[in-house]
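Asker: Below is a structure I'd like to ask you about.
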Amino acid sequence: MEDFEQKTTAELLKMHASIMEELRNRNVLRSANNPTGDLAEYLFCTAFGWDQASNSVKGLDAVDAGGVRYQIKGRRMHQRNKSRQLSAIRDLEGFDVLAAVLFDDDYNIVRAALIPAVVVKEKSVYISHTNSHKFMLKDVIWYVPNVLDVTEQLRAVP
C-alpha cells in the first residue's frame with residue numbers, strides 16, 4: 001500500500017488522474033466524472049448483459065434484450081456522508097426499472113436492487129429547484145413487492 005502521507009498534493013492528484021484513465025482504458029468508466037455512476041453502469045451491464053446507452057440518451061442508461069429500459073444509479077456511502085440519496089432522477093417516464101447499488105467507502109457493493117419504475121414514482125419526491133425527483137435507497141425498498149435483490153449478481157462481476 002502506498003504511503004500517501006509522504007506524497008505532495010500534486011502527486012496525489014496525478015495518481016488519481018492516472019487511476020481514472022486506467023479504469024477508462026479497461027472500459028469500467030466512460031467519463032471523467034466521479035466514478036460512482038460509471039461503475040454502477042458497468043456492473044449492471046456486465047452482470048446482466050444489457051446494452052449500455054450512449055451518454056447523451058435522456059432518461060435511461062441501458063436496455064436489455066427484451067427492450068426493458070433501465071435507469072442506473074449508484075451511491076457511495078462514506079464515513080463523512082452516509083446518505084442513501086441517489087443522484088437526481090430527471091425523467092420518471094424514461095425507464096421501466098431503476099437499477100440501483102449502494103457502495104461502501106472502498107467501493108465494495110453493500111446492496112443492489114432492481115426497482116420497478118412504479119415503485120420509484122411512488123417513493124420519490126419532486127424537487128422544484130432542480131426539476132428532478134429525489135429517491136432514497138433505504139433498506140425498506142428491498143421488502144417492497146416486485147423489487148429484486150441483485151446484490152450477489154453484482155458482486156460476482158470480476
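Asker: Kindly establish whether ASP91 is open to solvent by 40 Å² or more (accessible area, probe 1.4 Å) and either touching a strand residue (DSSP E or B) at 6+ places or on another chain (Cβ under 9 Å) or in a loop (DSSP other than H, G, I, E, B) (or both).
Answerer: On the way: open to solvent by 40 Å² or more (accessible area, probe 1.4 Å): no; either touching a strand residue (DSSP E or B) at 6+ places or on another chain (Cβ under 9 Å) or in a loop (DSSP other than H, G, I, E, B) (or both): yes.
Here the answer is no, as ASP91 does not meet what is asked.
Asker: Take the stretch 4-38 and flag every residue that is hydroxyl-bearing (Ser, Thr, Tyr) and more than 15 Å from the chain's Cα centre (by Cα).
Answerer: If we filter the stretch 4-38 for residues that are hydroxyl-bearing (Ser, Thr, Tyr), which is where we start, we get 8-9, 18, 31, 36.
Once the filter is applied, which keeps residues that are hydroxyl-bearing (Ser, Thr, Tyr) and more than 15 Å from the chain's Cα centre (by Cα), the stretch 4-38 yields THR8, THR9, SER18.
Asker: Taking the criterion of being farther than 22 Å from VAL68 by Cβ and aliphatic (A, V, I, L, M), would at least one residue in the stretch 144-158 satisfy it?
Answerer: The answer is no; no qualifying residue exists.
Asker: To continue, here is another question. Are there strands (runs of 3 or more DSSP E) fully within the stretch 97-158 with at least 1 residues that are open to solvent by less than 90 Å² (accessible area, probe 1.4 Å), without any contact (Cβ under 8 Å) to a residue 40 or more places away in the chain and under 19 Å from SER83 (Cα atoms)? List them.
Answerer: Numbers: elements: 97-103, 109-116, 125-127, 132-134.
The qualifying strands (runs of 3 or more DSSP E) are 97-103, 109-116, 125-127.
Asker: Moving to a separate point now. Go through (1) within 26 Å of HIS16 (Cα to Cα); (2) touching a helix residue (DSSP H, G or I) at 6+ places or on another chain (Cβ under 8 Å) one by one and return the number of the condition VAL150 breaks.
Answerer: Failing condition for VAL150: (1).
Asker: A further question follows. Which is more than 25 Å from VAL140 (Cβ to Cβ) and surrounded by 14 or more Cβ atoms within 10 Å (Cβ to Cβ), of LEU43, LEU86, LEU29? Spell out the reasoning first.
Answerer: Values: LEU43 fails: more than 25 Å from VAL140 (Cβ to Cβ); LEU86 fails: more than 25 Å from VAL140 (Cβ to Cβ).
Answer to the selection: LEU29.
Asker: Can I ask one more? Can you confirm whether the stretch 4-20 contains a residue that is surrounded by 15 or more Cβ atoms within 10 Å (Cβ to Cβ) and without any contact (Cβ under 8 Å) to a residue 60 or more places away in the chain?
Answerer: As a first pass, look at the stretch 4-20 and keep what is surrounded by 15 or more Cβ atoms within 10 Å (Cβ to Cβ): 20.
Right, trim to without any contact (Cβ under 8 Å) to a residue 60 or more places away in the chain and you get 20.
Looking through the stretch 4-20, at least one residue is surrounded by 15 or more Cβ atoms within 10 Å (Cβ to Cβ) and without any contact (Cβ under 8 Å) to a residue 60 or more places away in the chain.
Asker: Still on this structure: Would you point out the residue of the stretch 55-98, among those that are of a type in the set (Lys, Arg) and more than 12 Å from the chain's Cα centre (by Cα), that is farthest from LEU148 (Cα to Cα)?
Answerer: First, the residues of the stretch 55-98 that are of a type in the set (Lys, Arg): 58, 69, 73, 75-76, 80, 82, 84, 90.
Filter again for more than 12 Å from the chain's Cα centre (by Cα), leaving 58, 69, 80, 82, 90.
Numbers: LYS58: 24, ARG69: 16, ARG80: 29, LYS82: 23, ARG90: 23 Å.
My answer is ARG80.
Asker: Go through the stretch 126-149 and give me each residue that's farther than 15 Å from ASP96 by Cα and over 19 Å from the mean Cα position of the chain (by Cα).
Answerer: TYR126, ILE127, SER128, HIS129, THR130, ASN131, TYR143, VAL144, PRO145
Asker: Check VAL119, VAL57, VAL101 and return the single one that is touching a helix residue (DSSP H, G or I) at 6+ places or on another chain (Cβ under 8 Å), of a type outside the set (Asp, Glu) and either at pLDDT below 95 or under 16 Å from LEU43 (Cβ atoms) (or both).
Answerer: Only one candidate qualifies: VAL101.
Asker: A further question follows. Kindly check whether there is at least one residue in the stretch 15-30 that is at pLDDT below 90, assigned to a helix (DSSP H, G or I) and in contact with a Leu (Cβ under 7 Å, 6 or more places away or on another chain).
Answerer: So far as the stretch 15-30 goes, yes, one or more of its residues are at pLDDT below 90, assigned to a helix (DSSP H, G or I) and in contact with a Leu (Cβ under 7 Å, 6 or more places away or on another chain).
Asker: Sticking with this structure for a sec: Specify the residue that is surrounded by the fewest Cβ atoms within 10 Å (Cβ to Cβ); the eligible residues are those in the stretch 46-69 that are out of contact with any Gly (no Cβ under 6 Å at 6 or more places or on another chain) and either in contact (Cβ under 8 Å) with a residue 40 or more places away in the chain or at positive phi (or both).
Answerer: Only one residue tops the list, namely GLY67.
The values are calculated or read from the model by the stated rules, or taken from the named source; none is laboratory data. Owing to the predicted nature of the structure, the values given are computational and were not obtained by experimental measurement. Cβ coordinates were reconstructed from backbone atoms using ideal geometry, including for glycine residues, and neighbour counts include every protein chain displayed. Ligands, DNA and RNA are excluded from the accessible area calculation, which covers all protein heavy atoms including side chains. Shrake-Rupley method; radii C 1.70, N 1.55, O 1.52, S 1.80 Å.
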